[in-house]
1. For segment 63-211, just say rounded, prolate or oblate: build the C-alpha gyration tensor, square-root its eigenvalues into a ≥ b ≥ c, call rounded for a/c under 1.5, and beyond that prolate if a/b exceeds b/c, oblate if not.
2. So how much slack lies between Glu100 and Asn193, counting 0.36 nm per residue of separation and subtracting their Cα-Cα distance, in nm?
3. Give me the lysines in straight-line cross-link reach of Lys30: C-alpha distance below 26 Å, same-chain residues under 8 apart excluded.
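None of the figures in this text is laboratory data; all of them are computed from the coordinates on show. Just so it is clear, the model here is predicted, and its values are computed rather than measured.
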Amino acid sequence: RVTPFDLFAGNLVNKMRMAIESLVASNVEKDLILSESFKRLLYASYGFSERLEKEKISVSFFETLSIPTYDLNIKSIILISSSSEQPLRAMMTFLNDFCEYFKDKDFSLYMLIYPRRDYISKQLIDSVASERVKQRLRVAKDLNFDFFPLEDYLMDMDYEQTLSEIYTTNEFNVHNLCAESLYKFQLLFGQFNNVAAVGPNADKVVHVLEQ
């Protein structure tokens, strides 16, 4: 069975739109600022960037955003970042500079973290964020995109802690995330007729999925 990946890409955009609207009403003007790590997924994912354009969701990337030339004429800014330490720390450092530069402006910040916040990422946000950022930050929520379709028969899960968790800390977050995403995939497109796992970590994912 060939999976309708165009529909799958549309589902990803719907997840993003619903997550954004859960923070700020659809009729409220807002800006969306992303990390470069998310940019790689946007342009690699099957039809994802085209869907964003169709839904009129405009984005900018904080690594290339010039704060002094930023036109802050709206009240709500939504930021999306990976829960991995390096991009999240860079995002918070950017926010510190951003809020300091626009300290006299009236606006609110909202954050979406993918795939989910863990203890370390929550502590990082709390320790790196300045008091100005904490005052502006209204809500921080998780946003699990599950899989990003790259080609007709290839999907990717963006989780940078995978290798360190498997080989260093012996955690099972990535196995649970994969199994959870595969379960949701089956809810959308039907149960898999055949499942083949290659390697011990894939076996663990299948084991969790079958529970």
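1. Prolate, because a/c is 1.5 or more and a/b exceeds b/c.
2. 28.0 nm
3. Lys15, Lys39, Lys54, Lys56, Lys75, Lys103, Lys105, Lys122, Lys134, Lys141
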